Amino acid sequence: MSLPAKAAEHAARIAGVVTIVEDLHAREIGLPAMQGAVTLADWYVCEALRLKQAGRTDPKLLRAAKLLEWLQGQPDGKASIRAILTHGPNALRTKDAVEEALKILAAHGCTAEVSARPRIIKTVGEVSR
């Protein structure tokens, strides 16, 4: 089960620990301890959800990053579309995937087209080698 599904259980445990720390002989959990524990458990659930969302990276961006890294490893940071399709990262072995990745890289100022026939792409700016 996930953390959010067990939030109430975690809050009760936190409240129990706080209560015992305050009074070793306590027989019940007081309202202030439970309110504080619910606030703390709520914070942990929100933080866990935030971190989970932050860990999700768009697969399109990941493919574009792989292409950029591969391009940077090429002589002068250049490669033809044909070379990318045949020798580039496995996830970019289709024309549609390459075009999508190149569009992202160009939009971020990482690459530029230096020749139309044959179509050659080069890394630009600070990211080039």
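Pairs of lysines 8 or more apart, or on different chains, with alpha carbons under 15 Å: count those in the chain, would you?
Number of lysine pairs found: 8.
Using 0.36 nm times the number of residues separating K52 and A107, minus their current alpha carbon distance, what extension gain do you get?
So the chain would gain 17.1 nm between K52 and A107.
What fraction of the Cα pairs in segment 4-54, stated in percent, has a spacing above 12 angstrom? Mind dumping the intermediate values first?
Details: 788 of 1275 pairs.
Value for segment 4-54: 62 percent of Cα pairs lie more than 12 Å apart.
Give the residue from H108, T94, I14 lying farthest towards the positive end of the charge dipole for the chain; charges sit on Cβ (+1 for Lys and Arg, -1 for Asp and Glu) and the dipole is referred to the Cα centre.
Going by the Cα projections, it comes out as T94.
Grab the eigenvalues of the alpha-carbon gyration tensor for the chain, scale each by 5, take roots, and send me the semi-axes largest first in whole angstrom.
Taking √(5λ) for each Cα gyration eigenvalue gives 57, 13, 10 Å.
Please give, to one decimal in nm, the separation of the simple spin-label points placed at A8 and L85, each 7 Å out from Cα toward the Cβ.
5.9 nm
V124's amide H: which non-local residues (gap 5+, or another chain) put their own amide H closer than 5 Å, with H modeled 1.01 Å from N in plane and none for Pro or chain starts?
T111, A112
So for the chain, averaging the separation of alpha carbon pairs under 8 Å that are six or more residues apart and normalising by length, what relative contact order in percent results?
Here the relative contact order equals 20 percent.
Placing +1 on the Cβ of each Lys and Arg and -1 on the Cβ of each Asp and Glu in the chain, which of A41, V124, T57 has its Cα farthest towards the positive end of the resulting dipole?
Going by the charge dipole, the pick is V124.
About the Cα centre, and with charges only on the beta carbon of Lys, Arg (+1) and Asp, Glu (-1), how big is the dipole of segment 4-54? Nearest 20 debye, please.
Dipole of segment 4-54, to the nearest 20 debye: 240 debye.
Where a number appears in this text, it was derived from the coordinates with a stated rule and is not lab data. A quick note: this is a predicted structure, and the numbers were derived from the prediction, not measured. Note that we place each Cβ from the backbone using ideal geometry, even for glycine, and neighbour counts take in every protein chain shown.
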